[in-house]
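Okay, so here's the structure we're looking at.
Nothing in this text is a laboratory measurement; each read-out follows from the coordinates by a stated rule. Note that this is a predicted model, so its numbers are computed, not measured. Cβ coordinates were reconstructed from backbone atoms using ideal geometry, including for glycine residues, and neighbour counts include every protein chain displayed.
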């Protein structure tokens with residue numbers, strides 16, 4: 001059964017996505033006490049180790065701003081975005097490969113604070129929507145190379161046009177996508193910790209992209 005499909009259209013959206021009320025604490029628990037050297041360690045041994053813990057964390061925070069403000073901004077905020085244009089640019093810097101602007105948001109305490117702000121954007125939407133209203137809202141966009149993967153993980157809400165030249169995603173699937181992104185990159189952070197001889201903290205739910213068949217779940221040697 002697709003995640004959240006059991007909820008009727010009349011159900012409050014917040015009830016279907018309780019995970020959003022614990023994301024910051026999970027991220028904080030996984031990076032708390034790490035040194036700069038541990039946060040910035042990378043390796044070319046695995047594809048997943050090319051981004052550091054800090055870079056993964058920055059991406060996890062950025063994803064909320066990129067989807068909520070850039071892709072859903074006109075639909076969700078017809079009276080104007082709740083975040084300034086300058087702040088939006090810092091949180092979703094196109095020059096930093098889907099991460100926050102490293103020149104401005106670098107220290108872990110600042111990344112976590114920005115991540116919390118992005119999560120709060122989602123919480124506000126979830127607190128004002130029903131599952132039905134989220135399923136009825138959709139945005140049209142050009143599909144990315146990741147679109148087939150997303151469609152496989154979201155049996156509902158992600159549609160690819162037959163000609164392959166476009167597609168759409170509902171608000172429900174968007175919220176689920178952002179959560180799947182968070183979990184998958186938290187998994188990467190845990191692998192980066194294990195590669196450095198560190199212990200993972202958070203018990204990951206077995207949902208999202210990292211659970212797809214064929215996903216690279218390689219691990220450092222014990």
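Of note:
- Using the alpha-carbon positions of the stretch 9-62, Rg (one decimal) and Dmax (whole number) come out as 15.5, 49 Å.
- Calculated SAXS-style log₁₀ I(q)/I(0) at q = 0.11, 0.13 Å⁻¹ - the stretch 100-219, Debye, Cα scatterers: -0.49, -0.68
- Residues of the stretch 41-55 with amide N under 19 Å of a point placed 7 Å along Cα→Cβ from residue 218: 41-53
- Pairwise label distance in nanometres, residue 152 with residue 168, each label 7 Å out on the Cα-Cβ vector: 2.5 nm
- Debye-formula intensities of the chain, expressed as log10 I(q)/I(0) at q = 0.10, 0.12, 0.14 Å⁻¹, are -0.45, -0.66, -0.91 (one equal scatterer per alpha-carbon, no solvent).
- Förster radius 22 Å - calculated FRET efficiency between residue 87 and residue 109 (Cβ-Cβ, nearest 0.05): 0.80
- Relative contact order (%) - the chain, alpha-carbon pairs under 8 angstrom, separation at least six: 25 percent
- Over the chain: helical MRE at 222 nm, DSSP H runs n ≥ 4 each giving -39500 (n - 2.57), nearest 500: -13000 deg cm²/dmol
- Max mean-square fluctuation residue, GNM over the chain, Cα-Cα springs under 10 Å, options 63, 140, 159: 140
- Counting only alpha carbon atoms, the long axis of helix 53-65 and the longest principal axis of the chain meet at about 10°.
- Both radii are taken from the alpha-carbon atoms of the stretch 167-221; with Rh as the Kirkwood radius, Rg/Rh is 1.06.
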